[in-house]
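Working notes, structure below.
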Amino acid sequence: MEALISFFSHYMLYILMGVTILTAVGVVYSKNAVHSVVALLLTMILVAGIYLMLDAEFIAVVQLLVYAGGIIVLFVFMLLLVALHKDEALRLFNTYTMISLGLIAFLVIVLAVVFFGTPFGPVPETVTHIVKGGSTEAVAGALYSTYILPFEIASVLLLVVMVGAIVLTKERVKL
Amino acid sequence: MDFTMINIVIPTVKILIVFTVVLLSVLVMTYAERKVIAFMQVRLGPMRVGPWGLLQPIADALKLFSKEDIIPTMADKWVYYLAPTLAIVPALLTFLVVPFGDQTTFFGLLKHPTSMAISDLNIGLLYILAISSVGIYGILLGGWSSNSKYPLLGALRSAAQIVSYEVPLTLAIIGPILMANTLSMKGIVEAQSKGMWFVIPQFFAFLIYTACAVAETNRAPYDLPEAEQELVAGFHTEYSGMKFAFFYLAEYANMIVVSAIATVVFLGGWLPVPGLAFLHIPAIIWFALKMGFFLFIFLWLRATYPRYRYDQLMAIGWKFFIPVALINIFVTALLVL
Amino acid sequence: MIPVTHVLVFSMILFGIGVTGVLIRRNALIMLMSLELMMNAANINLIVFARQLDLLAGQVFAIFVMCVAASEVAIGLAIIAALFKNKGTVQIDHFNGLKG
Amino acid sequence: MFKSEIIELNMGPQHPSTHGVLRLKLKLDGETIVGLEPEIGYLHRGVEKLAESFTYLQALNLTDRLDYVASISNNLGYIETLEKLGGIEVPRKAKYFRTLMTELGRLSSHLLWLATHALDIGAMTVFLYAFREREFILDMFEMVTGGRLLTTAFRYGGLKDDIPKELEQKIRDFIKIFPGRLADYEALLTKNRIWMKRTKQVGVISAEDAINLGLSGPVLRGSGVRFDVRKAEPYEAYGELDWEMAVEDGCDTYARYLVRLEEMRQSLRIVEQALDGMPEGEFRTKAPKVLKLPKGEVYHCIEAPKGELGYYLISDGKGTGPYRLKVRGPSFVNLQGLKPMAVGHMVADVVAIIGTLDVVLGEVDR
């Protein structure tokens, strides 16, 4: 029992990462766009799990709220609104598929070698700054003191986006 | 992390207890709904199975579990299977942080009292909001994958409804959060033990919360997604057997969750009614009573009101509830400062 | 805890999958989804370094990334909606009006 | 927002709120209705043709099955048509009793309308309340005729049997409780904000359009037209009793709701007066067992709960049954108002509009 638990606590992150890669592949390679969205939803939930394992519970919850609760709903709405069945007969991939796949595999391998060669140092067992009082409080404190200016700019960005999205999709009113 | 037996066994036992209780209360809830509404409508309700029809929910459950599972020919099978799961899992997961009482020793079995919530997350409320926002995919995908027009219309309606009512719902509970100065469910109840229940200073927030909670769980008078008279049964028109039972279970579990949140945030959780503390009623009974009261409101509304129309529903959500909730937050923030 | 390198490689793979999606899929919606995958890969890097270095900046920055991602999706979907309104399709092969 | 596809949606023939087997082919833009085509005929039984092979008395059974929730009115219209062509006199007692029964029939029909209309809009409790009172009325029908739904109530020249003794007390009880029950329905609906939102400005039809389409009954009076066959050409005892015509100017579903509620109140007044003023005497004149009518044709109409119910009867003077019987069913004509009322509204409103038209498919399809 104890062994099992320690096994899980150690390898949970690996399991999450593995499943995440599977679902991410599902996003790209599904023939049906709705399947892609479902895979994306699962990916986002799993990534939230990864955040949780990395002691960032606030980010995990925000990930669920923003991605699962907001962004993917937008995607699903969009899918239901646009007539995708017309495009289903089209080819999924084109001639550049193999070339791009090769390039990306090469890139991943090169960067992985670089990462393994870089001395990042040992992993700290406990993190004091983040976990003290929960990451929620810590992040909030940082957001409202050190990073207050970017925070305000972000809110302006969201406002601009809101207006922009409405302008883009609004029907032209003839004056 | 300390992975000793005690840290594993107690949460497991708690999870088992909570899930059993939740599933049982869903059964009780279906029975209560039929009986309460029947009495409001001058009829008897179920009377055949068992004394006063008490075994009716069990008969229903057996019927649903043994029914034939029909999949429409053109349905998208994977998504069709996934949708009920996506509906019920978040509904049950939200019970993780609900504190049903202060502390318990399981009738003296444990040396140190343990919390009556499965887990005392310090971001409990945020967690519930995050998890429950996943629940709408069950409805949306279930409606889409049935490949039928009524479910699709129902799914679009309910998705739009849930997305728009989640905003005022969240805004409504921000007032109490500001007053309690914590996101932990336990902390909010403890904050109310010092002063009055938040239902008094946050009365408008409570009203908005009640209305939005009813809309969020797709219950009358906001039950457009499953408006029987218009869309037959909405998103689960094509579902049958076990999968339908999952949707059904999810709906009632969601009702219980929003009642639990209302109890914790506005009605003082497990605290006794002021002035009645001398009765020595266990905390969990108080909690159940308050939750029962809130659930009763659901049934009461259903027996009383006609149904809104889709556009009217959206209009009051965006044009009335959100502004009022924002004003409430503003005033609360000023007072707290 | 597992070494930071492993998480970095994972996020690299996730990023690679996202790039693949953008490069090989011709459906604008799926391309947008792949962009989201890349954003998430970047976020995972930020979070893992925040933990490795015990710094809050990573988490705060992740929030900003999410903010930008949300904006990007909102605008991206609005653009796709406008495109669909004009052309009746979301396959980007069809949007070659600027090709000589 | 998009170059949207028009969805075709089949509402019915099996649908919870199309009141029977009405099938609507809806054309939807999102949830807004751009086209609507009622498909009828799923309940066609050939009542008019069947009547030609029956005797006059046998054909009375067929009229029960037209508008099966207000069969008393159908019986009355048919019997009066026969009496009009045959010149049969009816004793005053039978006239009063027929008026009383017809108004009870109107009450039961309106109660059923209220129940289903409210249920369609989502108010479930009103449904069961209204059925409780309707049950009371059906019990009275059972006392008089032996049938609850299909009454076959009257005979040419008067009634089949004398009025049962216990009936008077039962009606008095009903008159006592019913105003309170009406107040209950009104408490649940009339000032209910959701109810008003769902019914006001929904299914609007102007007085001019309503007349042009030939609508009648509460649907016409809801558009502010003062027309009621009972006032325009009083038959039976209506001319001698004191009652008001219910008219509203709203032209919408809410106005028609108010009209029908007021009619229920007026019906109760008529019932009370008819009971108080019930004359003594014969309950029917001597009429032959097998009726033979002179050669000729006649049209006679009465105010059924749903509107103007007319029978057009041709007799060839030789047979013992109708040569041709044509029914002008109010439901069929009122159904023509569905399209102009519904186009431009949303799916949810179609349900409310079908409810407010109060169609019974037995009469539409015949």
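Here is how the numbers come out for the structure above:
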{"quantity": "Within the stretch C:18-58, tally of residues that are open to solvent by less than 20 Å² (accessible area, probe 1.4 Å) and within 8 Å of another protein chain (Cβ to nearest Cβ)", "calculated": "20"}
{"quantity": "Failed condition for D:ALA274, given (1) open to solvent by 10 Å² or more (accessible area, probe 1.4 Å); (2) part of a helix (DSSP H, G or I)", "calculated": "(1)"}
{"quantity": "Filtered residues of the stretch B:232-242 (kept if surrounded by fewer than 23 Cβ atoms within 10 Å (Cβ to Cβ) and outside any loop (DSSP other than H, G, I, E, B))", "calculated": "B:GLY241, B:MET242"}
{"quantity": "Number of the exception - B:VAL89 against (1) modelled with pLDDT under 85; (2) more than 26 Å from B:LEU301 (Cα to Cα)", "calculated": "(1)"}
{"quantity": "Within the stretch D:176-204, tally of residues that are part of a helix (DSSP H, G or I) and within 14 Å of chain B (Cβ to nearest Cβ)", "calculated": "16"}
{"quantity": "Looking only at the stretch A:81-93, and only at residues there that are open to solvent by less than 40 Å² (accessible area, probe 1.4 Å) and of a type outside the set (Val, Ile, Thr), the one that is modelled with the lowest pLDDT", "calculated": "A:ASP87"}
{"quantity": "Per-region count, the stretch B:257-311, residues part of a loop (DSSP other than H, G, I, E, B) and either under 21 Å from B:ASP223 (Cβ atoms) or of a type in the set (Phe, Trp, Tyr) (or both)", "calculated": "7"}
{"quantity": "Among (1) under 21 Å from D:ALA70 (Cα atoms); (2) of a type in the set (Lys, Arg); (3) buried (at least 19 other Cβ atoms within 10 Å of the Cβ), the one test that D:LYS231 misses", "calculated": "(3)"}
{"quantity": "Count - residues of the stretch D:139-156 that are open to solvent by 30 Å² or more (accessible area, probe 1.4 Å), in contact with a Phe, Trp or Tyr (Cβ under 9 Å, 6 or more places away or on another chain) and not β-branched (Val, Ile, Thr)", "calculated": "3"}
{"quantity": "Which numbered condition D:LEU189 fails, given (1) open to solvent by less than 10 Å² (accessible area, probe 1.4 Å); (2) more than 24 Å from B:GLN41 (Cβ to Cβ)", "calculated": "(2)"}
{"quantity": "Qualifying residue in the stretch B:242-250 (condition: within 14 Å of another protein chain (Cβ to nearest Cβ) and in contact with a Leu (Cβ under 8 Å, 6 or more places away or on another chain))", "calculated": "no"}
{"quantity": "Given (1) over 24 Å from the mean Cα position of the chain (by Cα); (2) crowded, with 22+ Cβ neighbours inside 10 Å, index of the condition D:THR32 fails", "calculated": "(2)"}
{"quantity": "Matching residues in the stretch B:136-169 - criterion: being more than 14 Å from chain D (Cβ to nearest Cβ), more than 21 Å from A:SER36 (Cβ to Cβ) and of a type in the set (Gly, Ala, Ser)", "calculated": "B:SER164"}
{"quantity": "Residue among A:ILE72, A:ILE45 that alone is under 17 Å from B:LEU86 (Cβ atoms), within 11 Å of chain B (Cβ to nearest Cβ), open to solvent by 50 Å² or more (accessible area, probe 1.4 Å) and at pLDDT 85 or above", "calculated": "A:ILE45"}
{"quantity": "Checking D:GLY317 against (1) open to solvent by 10 Å² or more (accessible area, probe 1.4 Å); (2) within 18 Å of D:TYR96 (Cα to Cα), the condition it does not meet", "calculated": "(2)"}
{"quantity": "Residue check, A:LEU157 assigned to a helix (DSSP H, G or I), free of Cβ contacts under 8 Å to residues at least 40 places away in the same chain and in contact with a helix residue (DSSP H, G or I) (Cβ under 7 Å, 6 or more places away or on another chain)", "calculated": "yes"}
{"quantity": "Residue within the stretch D:262-275 that is modelled with pLDDT of 85 or more and among the basic types (Lys, Arg) present", "calculated": "yes"}
{"quantity": "Within the stretch D:279-292, tally of residues that are at pLDDT 80 or above and open to solvent by less than 40 Å² (accessible area, probe 1.4 Å)", "calculated": "1"}
{"quantity": "Boolean, B:LEU183 is within 27 Å of B:GLU251 (Cβ to Cβ), free of Cβ contacts under 8 Å to residues at least 12 places away in the same chain and more than 14 Å from chain D (Cβ to nearest Cβ)", "calculated": "no"}
{"quantity": "Condition met for C:PHE10 (among the aromatic types (Phe, Trp, Tyr) and open to solvent by 20 Å² or more (accessible area, probe 1.4 Å))", "calculated": "no"}
{"quantity": "Residue check, D:LYS170 among the basic types (Lys, Arg) and touching a Phe, Trp or Tyr at 6+ places or on another chain (Cβ under 9 Å)", "calculated": "yes"}
{"quantity": "In the stretch B:114-124, residue least open to solvent (accessible area, probe 1.4 Å) [restricted to those that are more than 10 Å from chain A (Cβ to nearest Cβ) and hydrophobic (A, V, I, L, M, F, W, C)]", "calculated": "B:ALA117"}
{"quantity": "Qualifying residue in the stretch D:73-88 (condition: under 13 Å from the mean Cα position of the chain (by Cα) and within 14 Å of another protein chain (Cβ to nearest Cβ))", "calculated": "no"}
{"quantity": "When residues of the stretch D:157-175 are limited to those that are in a loop (DSSP other than H, G, I, E, B) and out of contact with any Lys or Arg (no Cβ under 6 Å at 6 or more places or on another chain), the one surrounded by the fewest Cβ atoms within 10 Å (Cβ to Cβ)", "calculated": "D:LYS165"}
{"quantity": "Residue selected from the stretch C:59-83 under the condition among the β-branched types (Val, Ile, Thr) and surrounded by 21 or more Cβ atoms within 10 Å (Cβ to Cβ), by the criterion farthest from A:ALA24 (Cα to Cα)", "calculated": "C:VAL60"}
{"quantity": "Residues satisfying the stated conditions in the stretch D:300-318, i.e. outside any strand (DSSP E or B) and more than 24 Å from D:ILE354 (Cβ to Cβ)", "calculated": "D:ASP316, D:GLY317, D:LYS318"}
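Residue-by-condition table, conditions (1) closer than 28 Å to B:VAL22 by Cβ; (2) surrounded by 20 or more Cβ atoms within 10 Å (Cβ to Cβ); (3) of a type in the set (Phe, Trp, Tyr):
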| site | (1), (2), (3) |
| --- | --- |
| B:PRO282 | yes, no, no |
| B:TRP286 | yes, yes, yes |
| B:GLY292 | yes, no, no |
| B:PHE296 | yes, no, yes |
| B:ARG302 | yes, yes, no |
| B:ASP311 | no, no, no |
| B:ALA315 | no, no, no |
| B:LYS319 | no, no, no |
| B:PHE330 | no, no, yes |
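The values are calculated or read from the model by the stated rules, or taken from the named source; none is laboratory data. A quick note: this is a predicted structure, and the numbers were derived from the prediction, not measured. In this analysis, Cβ positions are derived from the backbone assuming ideal geometry, glycine residues included, and neighbour counts consider all displayed protein chains. Areas reflect the complete protein model, heavy atoms only, side chains present, ligands, DNA and RNA absent. Shrake-Rupley method; radii C 1.70, N 1.55, O 1.52, S 1.80 Å.
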